[in-house]
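Below you'll find the structure, written out as structure tokens, and then a few comments.
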Ligand SMILES: [Zn+2]
């Protein structure tokens, strides 16, 4: 089975780790919505969410 994906409470970055590999924040399994940013420089959503790197993000983190 695939590992459980978790989202960072600080930056919404999705990973399989207990701490965010990007910002060191706490991650949680309680998240909704999946957003893949392939080119954040061209993404309006990335700009709105202040995303400054490509990757997978959660839309909502509880
Ligand atoms: Zn983070």
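Quick note: the coordinates plus some simple rules give every number you see, no bench work behind them. Note that this is a predicted model, so its numbers are computed, not measured. Virtual Cβ from ideal backbone geometry, glycine too; neighbours counted across all protein chains shown.
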> Between a first residue in region 19-32 that is free of Cβ contacts under 8 Å to residues at least 40 places away in the same chain and on the phi > 0 side of the Ramachandran plot and a second residue that is near the ligand (Cβ under 9 Å from one of its atoms) and assigned to a strand (DSSP E or B), which pairs have beta carbons less than 7 Å apart while being 6 or more apart in sequence or on different chains?
Replying inline: none
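Residue-wise test of (1) surrounded by 13 or more Cβ atoms within 10 Å (Cβ to Cβ); (2) closer than 10 Å to residue 9 by Cα; (3) within 11 Å of the chain's Cα centre (by Cα).
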residue	(1), (2), (3)
27	yes, yes, yes
30	no, yes, no
35	yes, no, yes
41	no, no, no
45	no, no, no
49	yes, no, yes
53	no, no, yes
59	yes, no, yes
>> Being under 17 Å from residue 4 (Cα atoms) and either assigned to a helix (DSSP H, G or I) or free of Cβ contacts under 8 Å to residues at least 40 places away in the same chain (or both) is the filter here; which residues of region 37-60 pass it?
In response: 60
> Inside region 1-24, can you point out the residues that are within 9 Å of the ligand (Cβ to nearest atom), under 11 Å from the mean Cα position of the chain (by Cα) and not in a strand (DSSP E or B)?
Replying inline: 9, 10, 11, 12, 20, 21, 22, 23
